[in-house]
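Below is one structure; the comments refer to it alone.
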Amino acid sequence: MTTRRDFLKATGSLAAGAFLAPTFAEAAKVKNVGIQLYTVRKEMLADAVGTLKQLAKIGYKELESARSEKGNFYGLKPKEIKKIAGDLGMNVRSGHVHIDKDWKKSVDMAAEAGQSYLVCSSLPSEGQTVANYERCADTFSKAAEDCKKANLVFGYHNHDYEFEKKNGKPLYDILVEKSDKNLVKMELDLGWVIVTGNDPLTYFAKYPGCFPLWHLKDMDKVKKESTEFGKGQIDIVKMLKNIDKSGMKYFFVEQEEYPKTALESATYDFNYLAKLNY
């Protein structure tokens, strides 16, 4: 199956709802569920407006775009997708791009679309070495300065390879520790963390407040691919109970493989979350 990581490599391109804090012992419900639009990538490319209408009908409130062959917004202009989403009761909260020759243009477009965050979706330079990860951390700090000038927050989205260890330490940790902690934030893809044998809660404790964005993704128990909520490895309620420690403000549902169709899975995942108490 083609994952977004595979897609990003092939194209050279570079997804949470806000939560209302529970009072006292009151069980919290998931609010303002978001979706990474890569989940419905084919549908967005075929009919962006129609797909956004379907997502709004399901109940999604927060959107995170992902660069495609039609650009950062699936053929729509930044102000177009902002208005369409707004008219449907949704926000274009974040977007995935790459730090490349079009970086400055992506920053401007994100600001026009009304985004709060701009996320680098894969490493800007290849190499599983300490030196490259230190170089990437420096690149992130500089990119975050560009974002700050546009009233955006810069973030980095992980896959699994960042958790390879060098000298007994995950390379991912270098990105967190060596980049500007005041400007660079992390979008933690919980599914990819879990399949590496790591626990997101460990990272929440180690770097509290560093993860304002999550990708909420369940991973198959056998195959290294995503699945519908409740059918894989992730304990979603356990994750949600730690939102304060992580610093999470928004999360985006992301599913890259589906038993039937992307929209059916998007509906299933939304309804699963709607039933949860944490």
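Quick notes
- A single entry from GLU112, GLU145 fulfils the requirement of being among the acidic types (Asp, Glu) and in contact with a Pro (Cβ under 6 Å, 6 or more places away or on another chain): GLU112.
- Test: ALA274 is surrounded by fewer than 19 Cβ atoms within 10 Å (Cβ to Cβ), over 17 Å from CYS120 (Cβ atoms) and modelled with pLDDT of 95 or more: yes
- Condition met for LEU183 (in contact with a Phe, Trp or Tyr (Cβ under 7 Å, 6 or more places away or on another chain), crowded, with 21+ Cβ neighbours inside 10 Å and of a type outside the set (D, E, K, R)): no
- In the stretch 188-234, the residues that are touching a Gly at 6+ places or on another chain (Cβ under 6 Å) and on the phi > 0 side of the Ramachandran plot: GLY209
- Among residues of the stretch 243-256 that are closer than 15 Å to LYS217 by Cβ, those with a beta-carbon under 7 Å from a residue that is part of a loop (DSSP other than H, G, I, E, B) and among the hydroxyl-bearing types (Ser, Thr, Tyr) at least six positions away or on a different chain give the pairs GLU256/THR3.
- Count - residues of the stretch 198-212 that are within 20 Å of SER121 (Cβ to Cβ) and not in a loop (DSSP other than H, G, I, E, B): 2
- All told, ASP146 falls short of being surrounded by fewer than 16 Cβ atoms within 10 Å (Cβ to Cβ) and of a type in the set (Asp, Glu).
- The residues of the stretch 190-231 that are within 25 Å of SER65 (Cβ to Cβ) and in contact with a Pro (Cβ under 9 Å, 6 or more places away or on another chain), listed by number, are LEU190, VAL193, ILE194, PHE211, TRP214, THR227, GLU228.
- Condition met for GLY50 (small (Gly, Ala, Ser), part of a helix (DSSP H, G or I) and surrounded by fewer than 19 Cβ atoms within 10 Å (Cβ to Cβ)): yes
- When the residues of the stretch 215-224 are filtered to those that are surrounded by fewer than 16 Cβ atoms within 10 Å (Cβ to Cβ), charged (D, E, K, R) and more than 17 Å from PHE163 (Cα to Cα), the one that is modelled with the highest pLDDT is LYS221.
- Single residue of ASN132, ASN158 found to be closer than 23 Å to GLU225 by Cα and modelled with pLDDT of 95 or more: ASN158
- Qualifying residue in the stretch 19-34 (condition: within 20 Å of the chain's Cα centre (by Cα), modelled with pLDDT of 95 or more and in a helix (DSSP H, G or I)): no
- Counted residues, the stretch 238-278 - those being in a loop (DSSP other than H, G, I, E, B), within 22 Å of TRP192 (Cβ to Cβ) and among the polar types (S, T, N, Q): 2
- The lone exception for SER265 - which of (1) surrounded by fewer than 17 Cβ atoms within 10 Å (Cβ to Cβ); (2) closer than 27 Å to THR51 by Cβ; (3) of a type in the set (Gly, Ala, Ser) it fails: (1)
- Restricting attention to the stretch 191-214 and to residues that are surrounded by 24 or more Cβ atoms within 10 Å (Cβ to Cβ) and of a type in the set (A, V, I, L, M), the residue that is nearest to ASN242 (Cα to Cα) turns out to be LEU213.
- Considering (1) loosely packed, with under 14 Cβ neighbours inside 10 Å; (2) modelled with pLDDT of 95 or more, the lone condition that LEU37 does not fulfil carries the number (1).
- Number of the exception - HIS215 against (1) in a loop (DSSP other than H, G, I, E, B); (2) closer than 30 Å to LYS148 by Cα: (1)
The values are calculated or read from the model by the stated rules, or taken from the named source; none is laboratory data. Owing to the predicted nature of the structure, the values given are computational and were not obtained by experimental measurement. Note that we place each Cβ from the backbone using ideal geometry, even for glycine, and neighbour counts take in every protein chain shown.
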